[in-house]
Amino acid sequence: MNKAKRKTIIAGNWKMNKTPAEAKVLISEMIPLVKDADCDVIACVPFVDLAVALEAAQGTNIKIGAENCHWAKSGAFTGEISADMLKSMGIEYVIIGHSERRQYFGETDVTVNQRVRAALDAGLTVILCVGEQKVEREQGITAELCRMQTKVALQGVTAEEMSRIVIAYEPVWAIGTGLTATADQAEEVCALIRDCIAELYTAEVAEATTIQYGGSMNDANAEELLSKVNVDGGLIGGASLIAEKFAKIVEAASK
Ligand code: PGA
């Protein structure tokens, strides 16, 4: 197992927080704090903040991502945003399949797969979220569930395209709850997702795929989580809204 074969990525997921004016301030605060990062730094922001965030981050090491995209290229989908629209404005990353989309907006493994396909076709890099709910962990089906979500989401994705897939393992019970998975729990599931990728593609593809942990990662627990050999970064919600906290996680990932 060689961690050096893949990129460490710390990505913020701002969710439905920050107006464009506030986004500009937060990105500006982050810039000096993360400028020496030895990992990739991404801020995934609400659609209306994308233009301002791109402008504020221009010429820095902060990359900007969106939090979702639609699967169709265009059409009668009121209120939706296509992957091509994101790409055309200079966006590089998009989160797909976040558990809040699955929980509140009817996202299924099949629509996750359709969105992944659309994002790849548009030239975006995908941060694909998978993870079990509390009841599923209690039922002992975490492994099966995460493998299934991964396999369905990656239907029709080629080995070559896997270089534009980042996977975020996010146990639903740990998101926004302050209940972080232990480092060993995170390692166990990130490792089994990597094994699943090796089965679907090759060991080489699996070794090169960045697999993040997400779920109440913060400045206090990041170092331990990131010390695990299969944990290649983090997808950060709450702690990404405070520049100093986010920067501490970036620092931990840069060690
Ligand atoms: P959290 O969110 O860090 O606030 O738990 C993580 C996420 O939902 O991506």
Query raised in the report: Tally time: how many residues in region 176-210 are within 12 Å of Ile165 (Cβ to Cβ) and in contact (Cβ under 8 Å) with a residue 40 or more places away in the chain?
Result: 8
Query - Whichever residue in region 187-243 is of a type in the set (Asp, Glu) and in contact with a strand residue (DSSP E or B) (Cβ under 9 Å, 6 or more places away or on another chain) and, among such residues, is most open to solvent (accessible area, probe 1.4 Å) - result: Glu187
Report task. Determine whether Thr209 is closer than 20 Å to Lys5 by Cβ and among the β-branched types (Val, Ile, Thr). Result -> yes
Query raised in the report: If you check every pair at least six apart or on different chains, which have Cβ atoms under 6 Å apart with a residue in region 218-239 that is in contact (Cβ under 8 Å) with a residue 24 or more places away in the chain first and a residue that is hydroxyl-bearing (Ser, Thr, Tyr) and within 11 Å of the ligand (Cβ to nearest atom) second?
Result: Asn221/Thr180; Leu225/Tyr213; Val231/Tyr213; Gly234/Tyr213
Report summary line: If we ask which residues in region 100-141 are without any contact (Cβ under 8 Å) to a residue 12 or more places away in the chain and closer than 14 Å to Ile167 by Cβ, their number turns out to be 0
Query raised in the report: Any residue at all in region 70-77 that is touching a strand residue (DSSP E or B) at 6+ places or on another chain (Cβ under 8 Å) and either closer than 25 Å to Thr210 by Cα or open to solvent by less than 50 Å² (accessible area, probe 1.4 Å) (or both)?
Result: yes
Query raised in the report: Residue check: is Lys15 buried (at least 18 other Cβ atoms within 10 Å of the Cβ) and part of a loop (DSSP other than H, G, I, E, B)?
Result: yes
Query raised in the report: Restricting the first residue to region 1-29 and requiring it to be in contact (Cβ under 8 Å) with a residue 12 or more places away in the chain, which pairs with a second residue that is assigned to a loop (DSSP other than H, G, I, E, B) and open to solvent by 80 Å² or more (accessible area, probe 1.4 Å) meet a Cβ separation below 6 Å and a spacing of at least six or different chains?
Result: none
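The values are calculated or read from the model by the stated rules, or taken from the named source; none is laboratory data. These numbers were taken from a predicted model, which means no experiment stands behind them. Methodologically, a virtual Cβ is constructed for each residue, glycine included, from the backbone with ideal geometry; neighbour enumeration extends over all protein chains shown. Accessible surface is based on the protein model in full, side chains and every heavy atom, while ligands, DNA and RNA are left aside. Shrake-Rupley method; radii C 1.70, N 1.55, O 1.52, S 1.80 Å.
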